[in-house]
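K.L.:
Just dropping this structure here.
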């Protein structure tokens, strides 16, 4: 930028709200903030184009940087619960997370919510980025999920000790609930995350009752809010989603099987839903013979239920937030952060503008008060976290899944380094220890062996 005062960006302006786009708009960036936005032909004379770096390319759209409502920066693209919980030191996990943070930023994600961490990796990554040591999005982070024996993260045999590397803390009574919340707040998390139901990736009977009672969920929500933190929950089942909403949780992840009582409770208690269907759709499309504990049929049933139930919730007025769940191997970092918008349009019937809203301004509901009102929208005074891309995503929402074609990604008024990080090699100790993906059996007729996949 040299001696220029800032940037003048011209193009179609989608501001992140549900307002109609400005077809021939302009955005002025000075320092790390937006100083003016409006129709290009009303640009005040004080913004002399000769004093600013002008970005005026044909057919471009200017919009806020994406806000991913569901990431796991510490998971390292793990392929299994064993890989995530048992292998790799906290130190190497942190180094990997900083490496992957740059990939997330280069996908146009300038802010993100981390929905559960191993060790305290997410807090460390957040702070390393915020203090200018490494590139990455502005993170709001949860600590370890609070789980009990029926929750998602108590997935290992009962005769072994709960793994120290698991992305959860195991609670066994009501007193544990209070202690878990208070200890995490002491350790400077931004949000408390609860494992309110199980998951088809872990067990085939995942979609039954809530892991916690309504009374227990109220204890967690009340203490979390008393201490000024956000409260979110993994809740796929009908009971867990309903009870979390009744308890006053701020955010419900998934809620695929939510019923009318749950929807009513969301509206009454101002809850949002972050469906994170990208993980399920990717698993279905990858078409493994089996995926986790359940077949792909289970994921297809859940997606079909979500199509109906979440559409009803949205029509009733429950906000939907877009999130990718990047961090697992079906959702690698830097590649799937914008797909939830396409899914919202294709499966849930949202308009492209509504879907963009869910991945920008609406998603700021999940962010820390430190910067919640400074991102997600193109507005004077907010951070200049911006994307400039060819084409019009209100006509083709999939354009946002092609970040390599974006002209610019700005964070805090500065174009980010678009140079992809060099591919990394996986260490042997990161991998699940598997001899073969099946049985190597002997065929008596052929006198040789062959692999039967499992």
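Values in this text are rule-based calculations from the coordinates and carry no lab data. Because the structure is a prediction, the values reported are computed rather than measured. Counting neighbours? That spans all protein chains shown, and the Cβs are built from the backbone with ideal geometry, glycine included.
K.L.:
For region 1-111, report the % of Cα-Cα distances exceeding 18 Å.
P.N.:
More than 18 Å apart: 63 percent of the Cα pairs in region 1-111.
K.L.:
How far is it, in nm, from the label point at residue 395 to the one at residue 173 when both lie 7 Å from their Cα along the line to the Cβ?
P.N.:
Result for the modelled spin labels: 6.5 nm.
K.L.:
Among 63, 160, what is the fewest-to-most ranking by other Cβ atoms within 10 Å?
P.N.:
So the residues, fewest neighbours to most, are 160, 63.
K.L.:
Let me ask you something else. Using the alpha-carbon atoms, what tilt in degrees (0 to 90, nearest 10) does helix 238-247 show relative to the longest principal axis of the chain?
P.N.:
60
K.L.:
How many percent of DSSP beta bridges within region 1-68 run antiparallel, rounded to 5?
P.N.:
Around 70 percent of the beta bridges assigned by DSSP in region 1-68 are antiparallel ones.
K.L.:
Can you give me the Rg/Rh ratio for region 105-188, using Cα atoms for both radii and the Kirkwood formula for Rh?
P.N.:
With Rh from the inverse mean 1/r over Cα pairs, Rg/Rh is 1.05.
K.L.:
Still on this model: For 22, 331, which order do you get if you count the other beta carbons within 10 Å of each Cβ and list the fewest first?
P.N.:
Details: 22 19, 331 24.
Lowest count first: 22, 331.
K.L.:
To test your reading of the geometry: what angle, between 0 and 90 degrees and rounded to tens, separates the Cα axis of helix 296-316 from the longest principal axis of the chain?
P.N.:
It works out to around 50 degrees.
K.L.:
Sticking with this one: Report the antiparallel proportion of the DSSP beta bridges in the chain as a percent, rounded to a multiple of 5. Working shown, then result.
P.N.:
Details: 31 of 66 bridges.
So the antiparallel bridges amount to about 45 percent of the total.
K.L.:
Taking other Cβ within 10 Å of each residue's Cβ, how do 133, 341 sort, fewest first?
P.N.:
The most exposed by this proxy come first: 133, 341.
K.L.:
So what is the 222 nm mean residue ellipticity for the chain from helices alone, if each DSSP H run of at least 4 adds -39500 (n - 2.57) and you divide by all residues, rounding to the nearest 500 deg cm²/dmol? Intermediate values should be presented prior to the final figure.
P.N.:
Values: 11 runs with 127 residues, N = 454.
Theoretical 222 nm ellipticity from helices: -8500 deg cm²/dmol.
K.L.:
P(r) of the chain in 10 Å steps, Cα pairs, percent per bin?
P.N.:
The calculated distribution, bin by bin, is 4, 21, 30, 25, 13, 5, 1, 0, 0.
K.L.:
Sticking with this one: What distance in nm separates the two pseudo spin-label positions at residue 418 and residue 92, each 7 Å out from Cα along the beta-carbon direction?
P.N.:
Between residue 418 and residue 92, the simple spin-label model gives 3.4 nm.
K.L.:
If you don't mind, another one. Using a 7 Å offset from Cα along Cα-Cβ at residue 23, what residues in region 46-63 end up with backbone N under 17 Å from the label point?
P.N.:
58-62
K.L.:
Relative to the present Cα-Cα distance, how much length would full extension add between residue 429 and residue 214 at 0.36 nm per residue of separation?
P.N.:
73.4 nm
K.L.:
Taking 0.36 nm per residue of sequence separation and subtracting the Cα-Cα distance, how much length would be gained by fully extending the chain between residue 404 and residue 42, in nm to one decimal?
P.N.:
127.1 nm
K.L.:
Given points 7 Å out from each Cα along the Cα-Cβ axis, report the residue 304 to residue 32 separation in nanometres with one decimal.
P.N.:
5.0
K.L.:
Now for a different question. On C-alpha positions alone, give me the angle between the axis of helix 174-186 and the longest principal axis of the chain, in degrees, nearest 10.
P.N.:
Helix 174-186 sits roughly 40 degrees off the main axis of the chain.
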